[in-house]
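Here's the structure we're looking at; comments come further down.
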C-alpha cells in the first residue's frame, strides 16, 4: 500500500473536465468527473502495487451498474510533493490486455486537495 495516495486528488482531463479521486485508507475510492453527462460520485475499491515504478493501481468493484465487472488498470508516479501523474485504461471482464506501462498524452496531473482520512464536502 502507498499511504501517500490517501487523500483527495484533482486535475483536468485532456478534454478539460475536472476529475477527482478521493482515496481512503480502507481502500475505497470515490471518483467524480464534473461534466454535464457525469453520473456523479462513483464509489469503488482500489489496490496499489507500490513495488513497481511507475506504481500500479487497480480500481474495481464500482457501485455503478454500467461498470459492473470493469477494472481500471492504471499507473501513477509521484512528480513532486502533492502531485501525481496518473494514467490508466478501463478493461471489460473479457478484455485481457495488460495494463499500460508508460504514460500517454492522456495522463492527468493530479494535485492533492486534502490528505489523510475521509474528506468532507
Extension gain, residue 53 back to residue 112 (0.36 nm per residue minus Cα-Cα distance, nm): 19.2 nm
Kindly list the residues of the stretch 39-79 that lie in the label zone of residue 18, defined by a backbone N under 17 Å from the point 7 Å along the Cα-to-C-beta vector. 39-42
Which of 97, 79, 34 ends up with the largest GNM mean-square fluctuation for the chain, with Cα atoms connected below 10 Å? 97
Label the stretch 3-115 by shape, choosing from rounded, prolate and oblate, from the square roots a ≥ b ≥ c of the eigenvalues of the Cα gyration tensor; if a/c is under 1.5 it is rounded, and otherwise prolate applies when a/b is larger than b/c, oblate when it is not. rounded
Most fluctuating residue given options 38, 28, 15, as computed from a GNM of the chain linking Cα atoms under 10 Å: 15
Kindly state, to the nearest 0.05, the FRET efficiency for residue 4 paired with residue 37, given R0 = 35 Å and r defined as their beta-carbon distance. 0.65
Candidates 93, 14, 65: whichever shows maximal mean-square fluctuation once the chain is modelled as a Gaussian network with Cα springs under 10 Å: 65
Express the relative contact order of the chain as a whole percentage, based on alpha carbon pairs under 8 Å and six or more residues apart in sequence. 25 percent
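Coordinate-derived values only; no laboratory data. Please read all numbers here as calculations on a predicted model, not as lab measurements. Positions of Cβ are generated from backbone atoms using ideal geometry, with glycine treated the same way; all protein chains shown enter the neighbour counts.
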